[in-house]
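Worksheet: one structure, shown below.
What follows draws every value from the coordinates through simple rules; no lab data is involved. Every value quoted in this text rests on a predicted model; they were computed, and no experiment measured them. A quick note on method: Cβ atoms are made from the backbone with ideal geometry, for glycine too, and the neighbour counts reach across all protein chains shown.
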Amino acid sequence: EAQVTQNPRYLITVTGKKLTVTCSQNMNHEYMSWYRQDPGLGLRQIYYSMNVEVTDKGDVPEGYKVSRKEKRNFPLILESPSPNQTSLYFCASSLLADFVYNEQFFGPGTRLTVL
Amino acid sequence: DQQVKQNSPSLSVQEGRISILNCDYTNSMFDYFLWYKKYPAEGPTFLISISSIKDKNEDGRFTVFLNKSAKHLSLHIVPSQPGDSAVYFCAASQIDRGSTLGRLYFGRGTQLTVWP
C-alpha cells in the first residue's frame with residue numbers, strides 16, 4: 001500500500017531534550033516536506049526536499065533541522081525543543097514533477113507536546 | 001504576511017445545498033492553486049487543483065473557480081453531503097527555478113459542516 005508513515009504519532013517531551021520525528025514514504029517520491037498545523041494558523045511549511053541531499057527552508061524553519069540521506073526518509077529534528085514547538089506535524093511527499101499542481105500525499109500526523 | 005487567505009473559519013450548509021468556500025491570495029505570480037480536505041486525526045488529502053491560466057476546473061461534485069483579476073478562488077461543492085464535513089485548505093504554488101520552487105503556501109482553513 002502506498003503511504004507516508006510518521007513516528008511517533010504522539011510525543012510528550014520536555015524543553016531542551018533533543019528529539020527526532022521520522023517520516024518514510026514507499027512511493028519513490030523525490031519531493032518531501034514537513035508542515036506544522038496550529039489553531040488559527042493553518043498549515044505552515046517548515047522544510048522541504050527536492051531530492052536526496054537537497055533541502056531548503058520553508059516558512060517556519062527556526063528551531064528545526066532536516067536531513068535527506070535516502071530517498072524514502074526525511075526525518076525532522078528538534079535539537080532543543082521549546083514549548084512554542086508544541087504542534088501537529090505532517091510529513092508529505094510527491095513526485096517532483098507533480099507537487100506544484102497535483103497531490104502531495106500526507107502522513108497521519110505527529111502530535112508533539114513540549115512541556 | 002500570509003499570501004493565501006481564507007477569511008471564513010467556518011461554514012455551515014444543509015445537505016443537498018451548495019457549499020462555497022473562498023480563498024484570496026496576494027501573489028500574482030502563483031501558477032497553481034490547490035484544495036486539500038482534512039478530517040480529524042488524519043493528514044490532508046488532495047481534492048482538486050487549477051492552473052492560473054484557467055478559470056474553472058471541475059471534478060464530479062467539486063468545481064474550483066479562479067478570478068485572477070480579483071486574486072480570488074472558490075471551491076463549490078454541489079450537492080453537499082454530510083461526509084464533506086471537514087477542514088478545507090486552499091494552497092498555492094509557484095513554478096520558479098529560484099528560491100520559491102518547492103514552496104507550497106496554505107491558507108488557515110475553513111471548517112465545513114454539512115448538516116442533514
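Over the range B:13-55, what is the mean sequence separation of C-alpha contacts under 8 Å (at least six apart), divided by residue count, expressed as relative contact order in percent?
On the way: 33 pairs, mean separation 13.7, N = 43.
Computed over the range B:13-55, the figure is 32 percent.
Size of the dipole of the protein assembly as shown about the Cα centre, Lys and Arg at +1 and Asp and Glu at -1 on the beta carbon, nothing else charged, in debye to 20?
Details: 24 positive and 21 negative charges, 80 e Å.
Charge dipole, the protein assembly as shown, about its Cα centre: 380 debye, nearest 20.
Please average, across the residues of A:77-89, the number of beta carbons from any other chain that are within 10 Å of each residue's own beta carbon, and give a whole number. Show your work: numbers first, answer last.
Values: counts 0, 0, 0, 0, 0, 0, 0, 0, 0, 0, 0, 2, 0.
Average neighbour count from other chains, rounded to a whole number: 0.
A 19 angstrom limit on the alpha carbon distance is what I want to check against. Which of B:Lys38/B:Lys68; B:Lys5/B:Lys68; A:Lys17/A:Lys71; A:Lys71/B:Lys37; B:Lys5/B:Lys71; B:Lys37/B:Lys68 exceed it? Intermediate values should be presented prior to the final figure.
Working: B:Lys38/B:Lys68 26 Å; B:Lys5/B:Lys68 15 Å; A:Lys17/A:Lys71 27 Å; A:Lys71/B:Lys37 27 Å; B:Lys5/B:Lys71 10 Å; B:Lys37/B:Lys68 23 Å.
Check vs 19 Å cut-off fails for B:Lys38/B:Lys68; A:Lys17/A:Lys71; A:Lys71/B:Lys37; B:Lys37/B:Lys68.
Along the charge dipole of the protein assembly as shown, Cβ charges K/R +1 and D/E -1, which of A:Ser67, B:Leu34, B:Ser12 sits furthest on the positive end?
Checking the options against the dipole of the protein assembly as shown, the answer is A:Ser67.
For the range B:38-86, taking Cα atoms only, what is the radius of gyration to one decimal and the Dmax to the nearest whole Å?
Final numbers for Rg and Dmax: 12.4, 37 Å.
When only alpha-carbon atoms count, how far does chain B stretch along each of its three principal axes, as whole angstroms with the largest first?
47, 30, 22
Subtract the Cα-Cα distance of A:Thr113 and A:Thr13 from 0.36 nm times their separation in residues, and report this length gain in nm to one decimal.
On the way: separation 100, 0.36 × 100 = 36.00 nm, distance 0.63 nm.
Contour length minus the Cα-Cα distance gives 35.4 nm.
Note down the magnitude of the dipole of chain B about its Cα centre, charges +1 on Lys and Arg C-beta and -1 on Asp and Glu C-beta and zero elsewhere, to the nearest 20 debye. Show your work: numbers first, answer last.
Numbers: 12 positive and 10 negative charges, 29 e Å.
Charge dipole, chain B, about its Cα centre: 140 debye, nearest 20.
For peptide B:67-78, how many partner chain Cβ atoms fall within 10 Å of a residue's Cβ, on average? Could you put the intermediate results ahead of the total?
Working: counts 0, 0, 0, 0, 0, 0, 0, 0, 0, 0, 0, 0.
Per-residue shielding by partner chains comes out at 0.
Whole Å is fine, so just give me how far the alpha carbon centre of the range A:46-67 lies from that of the range B:76-90.
So the two Cα centres are separated by 32 Å.
Mind giving me the FRET efficiency for A:Asn26 and B:Asn27? R0 is 30 Å, r the Cβ-Cβ distance, nearest 0.05 is fine. All intermediate terms of the calculation are to be shown ahead of the outcome.
On the way: r = 34 Å, r/R0 = 1.13.
After rounding, the FRET efficiency stands at 0.35.
Where nothing but the Cβ of Lys and Arg (+1) and of Asp and Glu (-1) is charged, how large is the charge dipole of the range A:1-112 around its Cα centre, in debye to the nearest 20?
Details: 12 positive and 11 negative charges, 88 e Å.
For the range A:1-112, the charge dipole is close to 420 debye.
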